[in-house]
């Protein structure tokens, strides 16, 4: 613990530069370098944090004990595998890969070498979601909405891969049953990819999840509601607070139970700070990451089922 953990960041676009900032301020961590094929971005971030900058995607091999990789999904395999082959622990931004086959190759490389591979499904580190996962034991119906305004980054993929996959991952965490059926509808609006989509996920235990994602809304709205036999839990991702509505015993002279509302006060904190701290701690202790490679594959598999269901929907182009 007295020796700083050497950490680097590969890809310093929108998200990677935040990784670099957090690592540069983290106790017990030495930011040993950043990498980006854009020399201007590389020089900007390396200069900001006083660390070396490189344009060669493999430049941190031999210099870092662990890396965050935040490059376009289409390059995940070619960028990540050399680091895993070199025995370097890796935080790989979501989705794990563009295809399940490539994802399996990445996971196998990490597992064969006993390396930490954490997939960056950031919302799992939302304090509200972590509290919700502790409280919800037997969900029957889940409804989630993840609506955002249009931004140009991540337009190389559709809204299912960009946004909906967060909620797919959360649903798979909350529902302890096999997925049996997927139906979905979606449409392009501003790009050549699907920009707004809705999916219905049905499970063997009869739980149903209705998941909506949009990147063409006028304002951000991110909320999930989980219904059970005694009421429901509702989480606002933005403020990380949970509202609970549950039933009470019937009042004297009343036939039906009543309802009571309460709010769980969750101490909010930036999910990315929590995620990177968890990554570093997991590397130091050789622990199991909260979102491992197999979790990443499961979320990707369901996202691809949603893609196919959208294509199969009557009237889809």
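Only the coordinates and a few stated rules stand behind these numbers; no lab work does. Every value quoted in this text rests on a predicted model; they were computed, and no experiment measured them. Neighbour counts are summed over all protein chains in view; Cβ atoms, including those assigned to glycine, are modelled from backbone coordinates with ideal geometry.
Given the Cα atoms of segment 5-115, and with Rh set as the inverse mean 1/r over their pairs in the Kirkwood sense, what is Rg to Rh to two decimals? Working shown, then result.
Working: Rg = 13.1 Å, Rh = 13.7 Å.
That ratio is 0.95, to two decimals.
Alpha carbon centre of segment 157-188 versus segment 269-317: separation in Å?
Result: 10 Å between the Cα centres.
Run the helix sum for the chain: -39,500 (n - 2.57) per DSSP H stretch of 4+ residues, divided by residue count, reported at 222 nm to the nearest 500 deg cm²/dmol.
On the way: 8 runs with 98 residues, N = 317.
About -9500 deg cm²/dmol.
Which angle from 0 to 90°, rounded to the nearest 10, does the C-alpha axis of helix 100-113 make with the longest principal axis of the chain?
With both axes taken from Cα atoms, the answer is about 60 degrees.
Can you tell me what share of the DSSP beta bridges in the chain is antiparallel? A percent to the nearest 5 is fine.
Details: 41 of 68 bridges.
Of the beta bridges lying entirely in the chain, close to 60 percent run antiparallel.
Once you have the Cα-Cα distance between residue 3 and residue 236, take 0.36 nm times their residue separation minus that, and quote the gain in nm to one decimal. Before the final figure, lay out the partial values.
Numbers: separation 233, 0.36 × 233 = 83.88 nm, distance 3.95 nm.
This chain segment gains 79.9 nm when fully extended.
Gain in length, residue 177 to residue 248, computed as 0.36 nm per residue apart minus the alpha-carbon separation, to one decimal in nm?
Values: separation 71, 0.36 × 71 = 25.56 nm, distance 2.86 nm.
Difference between extended and current length: 22.7 nm.
Starting from the Cα-Cα distance between residue 191 and residue 112, subtract it from 0.36 nm times their residue separation and give me the gain in nm to one decimal.
Working: separation 79, 0.36 × 79 = 28.44 nm, distance 3.96 nm.
Contour length minus the Cα-Cα distance gives 24.5 nm.
For a Förster distance of 25 Å, can you work out the FRET efficiency between the beta-carbons of residue 288 and residue 223, rounded to the nearest 0.05?
Calculated transfer efficiency: 0.25.
In degrees, nearest 10, range 0 to 90: what is the angle between the Cα axis of helix 39-49 and the longest Cα principal axis of the chain?
80 degrees
Highest mean first, what order results for 180-186, 148-154 on Cβ atoms within 10 Å? Write out the running numbers ahead of the final one.
Values: 180-186: 17.7, 148-154: 12.4.
Ranked from most to least packed, the peptides come out as 180-186, 148-154.
Arranged from highest to lowest average of other beta-carbon atoms within 10 Å per residue, in what order do the peptides 18-26, 137-145, 164-172 appear?
Working: 18-26: 20.0, 137-145: 17.3, 164-172: 25.6.
Descending mean neighbour count gives 164-172, 18-26, 137-145.
Would you give the gap between the C-alpha center of segment 1-68 and the C-alpha center of segment 190-207, rounded to a whole Å?
36 Å
Residue 55 versus residue 155, label points 7 Å from Cα toward the beta carbon: distance in nm?
Going from the residue 55 label point to the residue 155 one covers 2.6 nm.
Taking the mean number of other Cβ atoms within 10 Å as a proxy for protection, how do you rank 236-245, 114-123 from highest to lowest?
Working: 236-245: 16.7, 114-123: 22.3.
Ranked by mean Cβ neighbours within 10 Å, highest first: 114-123, 236-245.
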